1. Where in the range 122-202 are there helices (runs of 4 or more DSSP H), lying fully within it, with 1 or more residues that are in contact with a Gly (Cβ under 9 Å, 6 or more places away or on another chain), within 28 Å of T50 (Cα to Cα) and not hydrophobic (A, V, I, L, M, F, W, C)?
2. Which one is nearest to F69 (Cα to Cα), of the residues in the range 185-235 that are among the basic types (K, R) and surrounded by fewer than 17 Cβ atoms within 10 Å (Cβ to Cβ)?
3. Among the residues of the range 116-132, is there at least one that is in contact with an Asp or Glu (Cβ under 8 Å, 6 or more places away or on another chain), crowded, with 20+ Cβ neighbours inside 10 Å and of a type in the set (S, T, Y)?
4. Take R75 and decide whether it is more than 15 Å from the chain's Cα centre (by Cα), outside any loop (DSSP other than H, G, I, E, B) and basic (K, R).
5. Among T50, T2, which is the only one that is part of a helix (DSSP H, G or I) and hydroxyl-bearing (S, T, Y)?
6. Between residues in the range 219-235 that are part of a helix (DSSP H, G or I) and residues that are among the small types (G, A, S), which pairs lie under 6 Å by C-beta distance while being six or more apart or on different chains?
7. One residue is enough: does the range 92-105 have a residue meeting the conditions charged (D, E, K, R), modelled with pLDDT of 95 or more and buried (at least 22 other Cβ atoms within 10 Å of the Cβ)?
8. If you take the residues in the range 133-184 that are among the charged types (D, E, K, R) and more than 15 Å from the chain's Cα centre (by Cα), which one is surrounded by the most Cβ atoms within 10 Å (Cβ to Cβ)?
Amino acid sequence: MTSAAAIRHAGVLWAHRAVAELDAAARFDRLATLLRDAGAHSVVVGMARTAIDDERRHHARCVVLAQRFGATVDRSAGGRAPKLAAGQRTAAEQALYETVAMACLTESLSTALLMEIRAAALDEEVAATVDEILRDEVDHARLGWAHLAAEAPHRDLAFLGPRLAVMLAQTVDEEIFATDDGGPLALEVAGYGGLPRSRRRAVLVQSMREVVFPGLRSHGVDTSGAQRWLAAHLS
């Protein structure tokens with residue numbers, strides 16, 4: 001039987017995700033405008049616009065779960081999309097930087113984490129919610145890789161390499177590197193949408209080393225700085 005503490009923790013977790021989904025919707029709204037103004041392919045711009053609605057739908061699903069588990073969602077929170085790495089030389093570089101940060105890194109990592117959360121899910125509504133979000137996150141990651149592939153033949157991507165560590169720092173919460181794994185409570189919450197810290201950390205490492213870094217290198221982006229950042233935090 002699942003403890004009351006685990007249910008409460010699951011509620012807080014889904015409430016946090018509800019807010020994060022609104023932030024993601026705002027970021028894709030900003031990204032769609034950046035891509036359009038930079039002259040990106042209409043298909044990529046369309047994918048970014050579709051992602052706005054996806055993230056808002058995800059927000060609604062997360063709210064339902066949060067409330068079911070007894071949490072209150074602050075509906076005034078979320079919806080923030082600050083400019084990333086101000087000072088790129090051109091609109092095209094700014095769009096590319098934010099696309100790589102948001103889609104190639106963040107959404108690729110989100111996809112990998114959701115796959116693990118889905119595998120651990122014991123609750124039917126949690127599983128159905130994760131299934132829906134996961135399907136969309138795959139497309140959101142594809143958006144980034146599609147834009148990067150389209151830009152690579154026509155643009156010098158060297159400016160991205162030194163900035164990858166900053167992207168990672170903005171994407172990854174430092175708490176994931178803590179040694180405490182959360183104890184029995186973390187294992188209980190895993191059935192309701194959580195993952196123990198050690199498992200999340202393993203997913204981060206695997207997705208970066210096997211998907212994100214090789215994908216970036218295939219387009220000529222130097223990932224050595226990001227690799228050093230990850231290695232330093234793991235040590």
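The values are calculated or read from the model by the stated rules, or taken from the named source; none is laboratory data. These figures come from a predicted structure and were not determined experimentally. Neighbour counts run over all protein chains shown; Cβ positions are idealised from the backbone, glycine included.
1. Working: elements: 124-151, 164-171, 183-189.
Because the criterion is at least 1 residues that are in contact with a Gly (Cβ under 9 Å, 6 or more places away or on another chain), within 28 Å of T50 (Cα to Cα) and not hydrophobic (A, V, I, L, M, F, W, C), the helices (runs of 4 or more DSSP H) in the range 122-202 that meet it are 124-151.
2. To start, the set of residues in the range 185-235 that are among the basic types (K, R) comprises 197, 199-201, 209, 217, 228.
Checking which are surrounded by fewer than 17 Cβ atoms within 10 Å (Cβ to Cβ) leaves us with 209, 217, 228.
Working: R209: 35, R217: 43, R228: 40 Å.
In this case the residue turns out to be R209.
3. Keep residues of the range 116-132 that are in contact with an Asp or Glu (Cβ under 8 Å, 6 or more places away or on another chain), which gives 118.
Applying the additional criterion that residues be crowded, with 20+ Cβ neighbours inside 10 Å yields none.
No: zero hits.
4. On the way: more than 15 Å from the chain's Cα centre (by Cα): yes; outside any loop (DSSP other than H, G, I, E, B): no; basic (K, R): yes.
When the stated conditions are applied, R75 does not pass them.
5. Values: T2 fails: part of a helix (DSSP H, G or I).
Exactly one of T50, T2 is part of a helix (DSSP H, G or I) and hydroxyl-bearing (S, T, Y), namely T50.
6. Close Cβ pairs (under 6 Å, with a partner that is among the small types (G, A, S)) amount to G225/A165; A226/A165; W229/A165.
7. The initial filter retains those residues of the range 92-105 that are charged (D, E, K, R), namely 93, 98.
Then drop every residue that is not modelled with pLDDT of 95 or more, which leaves none.
Within the range 92-105, none of the residues are charged (D, E, K, R), modelled with pLDDT of 95 or more and buried (at least 22 other Cβ atoms within 10 Å of the Cβ).
8. Step one: of the range 133-184, the residues among the charged types (D, E, K, R) are 135-137, 139, 142, 151, 155-156, 163, 173-175, 180-181.
Still in the list and also more than 15 Å from the chain's Cα centre (by Cα): 151, 155-156, 163, 175, 180-181.
Values: E151: 22, R155: 17, D156: 10, R163: 18, E175: 9, D180: 9, D181: 14.
Restricting to residues being among the charged types (D, E, K, R) and more than 15 Å from the chain's Cα centre (by Cα), the top hit is E151.
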